[in-house]
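Have a look at the structure below, then the notes.
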Amino acid sequence: MENQSPLKTTLLAYRKESLQQFAQLLKSADVGQFLQLFAGNFGHADKLQCEMALAVFSPGDSLENFIHDVATLKLIAKVPCLLAVVNEGGMNQVAEAKAELAADDILYLPLPPQELGKILKTYVASLRIEYKKKSQRLDFSKKAQALGAILVENGIISSVQLKKALDFQKETTNLRLGDALVSLGFIDEFQKTHFLASQLGVPVATPKQFASADLNVVALIPERVAREYHCIALEKNEDELIVAMLDTSNLRLLDNLRDQTDLRINPILGTLEDITVSIERYYRDIASHRSASDLMADLATEVQYIKKVEEEMGVEEAASAGAELGIIKLVNMLIANAVRDRASDIHIEPMEKELSVRYRIDGELRRVMSPPRHSHQAIITRIKILSDLNIAERRLPQDGRMVVKIGLKEVDVRVSILPTIFGEKCVLRILDKEAYEKSMFSLGFTEHELAIFKENIGKPHGMCVVTGPTGSGKSTTLYSALQQIKDVTSNIITVEDPVEYHMEGVTQVPVNAAIGMTFANALRSILRQDPDTILIGEIRDNETADIAVKMALTGHMVFSSLHTNDASSAIARFVDIGIPPLLLASSLNLVIAQRLVRKICPRCKVSYTPPQEMIDQLGLQSMGPDIKFHMGEGCVTCNGVGYSGRIGIFEMLNASREIKKLILKNASTMEIQDCAEKEGMKTLRQAGIELVIKGDTTIEQILAATTEI
């Protein structure tokens with residue numbers, strides 16, 4: 001075929017209106033110069049003859065039929081380039097089934113016409129490069145020049161830009177033409193990778209392949225080789241190893257990999273960023289697993305002995321096992337890796353036949369390692385030694401803490417040991433000082449919420465209460481408030497169970513119920529310590545609540561937490577545990593309800609228009625038809641999950657004059673809620689929807705966090 005002639009392209013859709021809408025978008029994208037468009041029929045997909053097909057999926061279409069028809073187009077009709085086009089509102093359906101789609105790529109609408117045109121032109125040029133490669137054999141030294149000529153012929157770059165790139169290439173040692181074009185900004189990494197893949201006749205590695213690689217497969221290539229040559233093994237199929245690399249024509253590298261792995265190497269192209277991120281992630285995990293395996297092999301005899309006489313092992317034997325060099329390295333590695341991965345907890349769980357290690361990252365548990373079952377007692381003993389616990393006691397729960405220094409960073413670790421039928425389970429809570437030292441400006445408050453927060457924590461007396469379930473960030477909010485008001489003129493005392501983070505300039509008292517040091521007893525003693533501000537870890541009973549309220553009434557500033565679903569329910573909870581409405585109305589300044597939701601990964605974030613039913617359900621009709629939601633498609637950076645990090649949503653009930661009147665009348669929770677909303681309070685659901693519209697999180701995260709409210 002002639003390079004200048006438009007590619008025969010077929011548009012397919014299940015409904016006429018879907019076809020017409022997309023055809024109109026293509027017209028706006030001005031693709032007529034390189035695409036010759038025809039309307040097709042999914043019913044005759046197996047007989048379709050064209051060079052490119054654009055299969056459109058719209059909300060209401062059958063996803064099962066779409067998957068089948070796309071497979072027919074690609075595998076039976078053998079369409080060279082097949083792109084699935086997903087109309088607004090269909091993203092969630094297709095994203096969940098994208099692994100089953102046989103399409104070369106998925107385009108989620110809406111896309112700006114200019115961006116859509118660039119993507120389609122890239123695929124057209126890639127096809128033409130493949131055709132040119134098949135039609136004539138080119139000398140290896142002329143490949144770069146041929147590539148440049150084809151890009152000029154297809155309008156990707158101009159002749160002047162090609163000349164500049166070739167001159168730049170001559171000035172720079174070992175630089176390919178594609179890299180020169182990217183460096184000069186004439187094309188981007190997406191275009192370069194696809195053009196190069198077409199020229200070399202190799203596929204492009206997908207984000208799914210990078211995110212789901214098996215550690216055993218990655219480990220087939222030594223880390224030194226992977227880093228030096230920018231390559232990583234992704235899949236192994238019998239005697240074939242699929243390796244993503246920057247230069248698939250490096251015959252010396254391919255021969256070396258074949259000799260080292262004793263497998264047939266199938267090279268595919270990957271971008272430098274994807275390969276680098278994957279190497280960092282996978283080889284650190286491989287090193288952790290390998291270290292665990294090596295040290296277990298070294299300790300096999302001694303650990304096996306521990307297992308056989310586990311119930312009878314004395315204190316000296318336990319201490320000796322915990323002090324083994326290999327065990328020390330393993331425990332250090334578990335904590336260091338958890339800090340590196342931003343984990344909040346480490347779970348070491350003995351099962352009947354295995355030992356499981358899981359990290360809680362962004363609120364979700366993820367299995368990271370499975371050391372040999374017989375290493376369990378030695379690991380637990382080492383943790384007990386570090387946290388000053390009784391290594392001989394295995395029948396009762398124990399709690400302790402340790403401080404671990406990783407590089408220049410000190411990490412507080414809270415330890416909880418719990419006896420189970422298969423041995424002691426250990427949970428290590430990693431307390432991030434940086435999180436607790438956050439200023440109130442970085443908590444995630446809106447300007448309106450921040451103004452309310454600053455006003456109330458700056459008052460000389462009264463009570464501020466934070467509510468929410470375990471793990472919703474209550475402690476971080478309370479510590480941030482203390483950081484803001486802390487100075488040498490104030491006496492700040494905290495009573496906590498346990499003390500989560502040591503703060504400079506603050507007196508912190510741990511609760512110990514076993515010896516009678518309860519919240520209530522500690523608070524009575526604190527009153528004789530001349531405090532200005534008191535932080536009570538949690539109000540659980542009438543006695544603690546009564547003392548807290550009386551402190552707030554007698555000139556002290558009191559911060560505390562409470563377990564309720566929303567801010568308004570906190571008032572009913574106080575009344576329920578015996579606080580008279582008169583005292584509560586006089587002492588309460590502010591109630592904050594909060595949740596943590598996962599943030600969308602910024603690298604793979606895409607927008608979509610939600611279905612009308614969801615807009616109606618959330619009450620967003622007033623936002624108009626152009627409202628956009630966002631989601632993460634899953635990429636190398638976020639390990640394919642589409643989320644990275646967490647952010648808070650807040651509901652702030654300011655105890656105004658009207659709210660205090662309702663408390664005095666012993667009004668219902670609903671009445672208080674209605675009054676607060678009239679005064680400008682945003683509910684958790686409303687605050688969450690604002691984050692969704694801003695593109696910070698997904699509607700699924702907000703619905704999951706606020707369904708019980």
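The values are calculated or read from the model by the stated rules, or taken from the named source; none is laboratory data. Just so it is clear, the structure is predicted and the values come from calculations on it, not from any experiment. Note: ideal-geometry Cβ built from the backbone for every residue, glycine included; neighbour counts use all protein chains shown. Ligands, DNA and RNA are stripped out before the accessible areas are found, and what is left, the full protein with its side chains, is counted by its heavy atoms. Shrake-Rupley method; radii C 1.70, N 1.55, O 1.52, S 1.80 Å.
Of note:
- Square roots of five times the Cα gyration tensor eigenvalues for the chain, Å: 55, 37, 22
- For the pair His502 and Val160, label points projected 7 Å from Cα toward Cβ lie 6.7 nm apart.
- The slack between Gln114 and Ala513, meaning 0.36 nm per residue of separation minus the straight C-alpha distance, is 137.0 nm.
- With a 1.4 Å probe rolled over the protein heavy atoms of all chains, the accessible area of His630, His448 falls in the order His448, His630, largest first.
- Looking at region 486-571, the pairs of alpha carbons with a distance over 17 Å make up 46% of the total.
- In this label model, Thr276 and Asp239 are separated by 3.7 nm, measuring between points 7 Å along each Cα→Cβ vector.
- Nearest-10 value in Å² for the accessible area of Glu700, using the 1.4 Å probe: 80 Å²
- With a simple spin-label model that places each label point 7 Å from the Cα along the Cα-to-Cβ direction, the separation between Ser212 and Met623 comes to 3.1 nm.
- Relative contact order of the chain, defined on C-alpha pairs under 8 angstrom at six or more residues apart (%): 8 percent
- Working from Cα pairs under 8 Å separated by at least six residues, relative contact order for region 584-709 is 35 percent.
- Heavy-atom accessible area ranking, 1.4 Å probe, most first, across Arg227, Arg342, Arg281: Arg342, Arg227, Arg281
- Estimated FRET transfer efficiency (Arg227, Lys8; beta-carbon r; R0 41 Å; 0.05): 0.40
- Using a cutoff of 8 angstrom between alpha carbon atoms and counting only pairs six or more residues apart, the relative contact order for region 513-588 works out to 31 percent.
- Förster radius 56 Å - calculated FRET efficiency between Asp247 and Glu677 (Cβ-Cβ, nearest 0.05): 0.40
- Estimated purely from DSSP H runs of n ≥ 4, each contributing -39500 (n - 2.57), the mean residue ellipticity at 222 nm for the chain is -12500 deg cm²/dmol once divided by its residues.
- Degrees separating the helix 189-200 axis from the principal Cα axis of the chain, which is the longest one: 40 degrees
- Unpaired Cys in the chain, meaning no second Cys C-beta under 4.7 Å: Cys50, Cys81, Cys231, Cys426, Cys464, Cys675.
- The fraction of Cα-Cα pairs per 10 angstrom bin, counted from 0 for region 532-597, comes to 21, 60, 17, 2 percent, rounded to whole percents.
- Between region 274-288 and region 492-539, the Cα center-to-center distance that results, in Å: 44 Å
- Ranked by how many other beta carbons lie within 10 Å on average, peptides 19-29, 39-49 from highest: 19-29, 39-49
- Across the protein chains, with a 1.4 Å probe defining accessible surface, the residues Arg382, Arg340, Arg367 rank Arg367, Arg340, Arg382 from largest area downward.
- Placing R0 at 22 angstrom, the Cβ-Cβ distance between Asp487 and Asp530 gives a FRET efficiency of 0.90 after rounding to 0.05.
- Per-selection metrics, region 46-116 (Cα): Rg and Dmax in Å: 11.8, 32
- Gyration tensor over alpha-carbon atoms, region 358-501, equivalent ellipsoid semi-axes in Å: 36, 17, 14
- Whole-percent carbon and sulfur share, accessible surface of the chain, 1.4 Å: 50 percent
- Surface accessible to a 1.4 Å probe, Ile157 within the full protein complex, Å²: 10 Å²
- Computed lengthening from Asp259 to Lys405, 0.36 nm per intervening residue step minus Cα-Cα distance: 48.4 nm
- One compactness figure for region 158-239 is 1.39, namely its Cα radius of gyration divided by 2.2 N^0.38 Å.
- Ratio Rg/Rh, restricted to region 1-126 and using Cα atoms, in which Rh is the Kirkwood radius: 0.93
- Over 22 Å (Cα to Cα) - which of Lys486/Lys661; Lys47/Lys121; Lys474/Lys660; Lys8/Lys74; Lys74/Lys98 fall in this group: Lys486/Lys661; Lys47/Lys121; Lys474/Lys660
- Segment Arg284-Lys694, length gained on full extension (0.36 nm per residue, minus Cα span): 144.1 nm
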